[in-house]
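What follows is a short report on a single structure.
Coordinate-derived values only; no laboratory data. Only a predicted model underlies this, so the values are computations on that prediction, with no experimental measurement involved. Don't worry about glycine lacking a Cβ; one is built from the backbone with ideal geometry, like all the others, and counts go over all protein chains shown.
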Amino acid sequence: MDAVSIKASAISQLGGTSFQVKPDLTVVYFDGNATEPSDSDITSKIAEIELIEARKKAYPPLAEQFDKLWHDINNGTLDNTGAFFTALKTVKDDNPKPGE
């Protein structure tokens, strides 16, 4: 996600309905907009979205996850010692969800 998309997503999640985020990240609100979130609310929501996006990018590709899972099943290590569990646990530990 680029900066414009992240800011637009943040405003939308905060209740903005009719707006445009320009390339310089300024926001134009149109008539009929139900909510114009505060700059501090937008900044907080952007930080939350960026954390979530970083966590998504940190996970191994699904094909790799399925391969690790398959090998763990065949090796009898489908517990907290297997490659599948440790790979995902590392991502979760290194990138906690907001509020955790």
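Extending each Cα 7 Å along its Cβ direction at Glu50 and Asp79, get the distance between those two points in nm, one decimal.
Roughly 4.1 nm, to one decimal.
Using amide H atoms built in the peptide plane, which far-off residues or other-chain residues are under 5 Å from Phe19 H to H?
Result for Phe19 returns Phe30.
If R₀ is 25 angstrom, what is the calculated FRET efficiency for the pair Asp94 and Thr26, using the beta carbon separation as r and rounding to 0.05?
So the FRET efficiency works out to roughly 0.15.
So which DSSP H runs in the chain come out at 20 Å plus along the axis (Cα) with average Kyte-Doolittle of at least -1.0?
Length and hydropathy pass: 39-58.
Work from the charge dipole of the chain (Cβ charges, +1 for Lys and Arg, -1 for Asp and Glu, about the Cα centre) and give the residue of Leu88, Thr17, Tyr29 farthest towards its positive end.
Leu88
Using a simple charge model, +1 on the beta-carbon of Lys and Arg, -1 on the beta-carbon of Asp and Glu, nothing else, what dipole does the chain show about its Cα centre, in debye to the nearest 20?
Here the size comes out at about 160 debye.
Shape call for segment 59-100 from the C-alpha gyration tensor, a ≥ b ≥ c root eigenvalues: rounded (a/c under 1.5), prolate (a/b greater than b/c) or oblate?
oblate
Using the structure shown, select from Lys45/Lys68; Lys7/Lys68; Lys68/Lys97; Lys45/Lys89; Lys22/Lys89 the pairs with a Cα to Cα distance greater than 32 angstrom.
From the list (Lys45/Lys68; Lys7/Lys68; Lys68/Lys97; Lys45/Lys89; Lys22/Lys89), the Cα-Cα distance tops 32 Å for Lys45/Lys68; Lys7/Lys68; Lys22/Lys89.
Quick check: net charge around Thr26, other residues with Cβ under 12 Å of its Cβ, Lys/Arg +1 and Asp/Glu -1?
The answer is 0.
Where does the charge balance sit around His71 when Lys and Arg score +1, Asp and Glu -1, over other residues with C-beta under 14 Å from its C-beta?
-3
DSSP loop chymotrypsin sites (Phe, Trp or Tyr not before Pro) in segment 1-69 with at most 14 other Cβ atoms within 10 Å of their Cβ, which ones?
Phe30
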